[in-house]
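Asks: Below you will find the structure I want to go over with you.
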Amino acid sequence: MLIIWRGLGWLVPVVVVAGFLVGQLLIDAVLGEGFYTSHPWPKVAAAVWVAVLVAVLGYVLNYKKRPLRTDPESGRQWKAPSHTLFFIPVEFWSVIVLVLFLWLPAQVKPAAEQQPQGHSTQTLAPKAGKE
């Protein structure tokens, strides 16, 4: 897969993976081994945590630390290009992270809940009293 970034946009997947890993390790360390995987709310908390991290990273990179460039001939000033991943500014990836990790898994049923179409899970038993 081809990954396209500008500036420090490559940090988005690094922060996402590291944020989820740190979230899982912290929750398991505080609440007990396996707590993260057996309960749904820690995953939601980790997704929110990662989204906040990405939003702060994007704000710092694209608004606070973005240098002004000056054209030596005309004296015109402009901001340097923003930090992007797949042509999307870093701060917008916080919303994408929330959508991908909160809404999308809710739309996909686990394999245990899926059943072939046309098949019923009920068994037919003979009616009592009739022979």
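The values are calculated or read from the model by the stated rules, or taken from the named source; none is laboratory data. Predicted, not measured: the structure shown is a model, and the values here were computed from it. When we count neighbours, we look across all protein chains shown, and the Cβ atoms used for this are built from the backbone with ideal geometry, even at glycine.
Asks: Hey, Leu104 hits all of (1) within 18 Å of the chain's Cα centre (by Cα); (2) in contact (Cβ under 8 Å) with a residue 24 or more places away in the chain; (3) part of a helix (DSSP H, G or I) but one; which does it fall short on?
Replies: (2)
Asks: Specify which of the listed residues (Val14, Val30, Val54, Val22) is under 12 Å from Val90 (Cβ atoms), more than 11 Å from the chain's Cα centre (by Cα) and either not polar (S, T, N, Q) or not in a helix (DSSP H, G or I) (or both). Before the answer, list the steps.
Replies: On the way: Val30 fails: under 12 Å from Val90 (Cβ atoms); Val54 fails: more than 11 Å from the chain's Cα centre (by Cα); Val22 fails: under 12 Å from Val90 (Cβ atoms).
Sole residue among the options that is under 12 Å from Val90 (Cβ atoms), more than 11 Å from the chain's Cα centre (by Cα) and either not polar (S, T, N, Q) or not in a helix (DSSP H, G or I) (or both): Val14.
Asks: To continue, here is another question. Do the conditions hold for Val50, that is, is it in contact (Cβ under 8 Å) with a residue 60 or more places away in the chain and surrounded by 13 or more Cβ atoms within 10 Å (Cβ to Cβ)? Working first, answer last.
Replies: Numbers: in contact (Cβ under 8 Å) with a residue 60 or more places away in the chain: no; surrounded by 13 or more Cβ atoms within 10 Å (Cβ to Cβ): yes.
It is false that Val50 is in contact (Cβ under 8 Å) with a residue 60 or more places away in the chain and surrounded by 13 or more Cβ atoms within 10 Å (Cβ to Cβ).
Asks: Continuing with the same structure: Given the structure, is Trp93 within 23 Å of Ala106 (Cα to Cα), touching a residue at least 40 places away in the same chain (Cβ under 8 Å), in a helix (DSSP H, G or I) and not basic (Lys, Arg)? Walk me through how you get there before you give the answer.
Replies: Working: within 23 Å of Ala106 (Cα to Cα): yes; touching a residue at least 40 places away in the same chain (Cβ under 8 Å): yes; in a helix (DSSP H, G or I): yes; not basic (Lys, Arg): yes.
Judged against the criteria, Trp93 is a match.
Rundown of residues vs (1) touching a Gly at 6+ places or on another chain (Cβ under 6 Å); (2) modelled with pLDDT of 75 or more; (3) closer than 24 Å to Val12 by Cβ; (4) surrounded by fewer than 10 Cβ atoms within 10 Å (Cβ to Cβ), yes/no style:
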residue: Lys64; (1), (2), (3), (4): no, yes, yes, yes
residue: Asp71; (1), (2), (3), (4): no, yes, no, yes
residue: Pro81; (1), (2), (3), (4): no, yes, yes, no
residue: Thr123; (1), (2), (3), (4): no, no, no, yes
residue: Glu131; (1), (2), (3), (4): no, no, no, yes
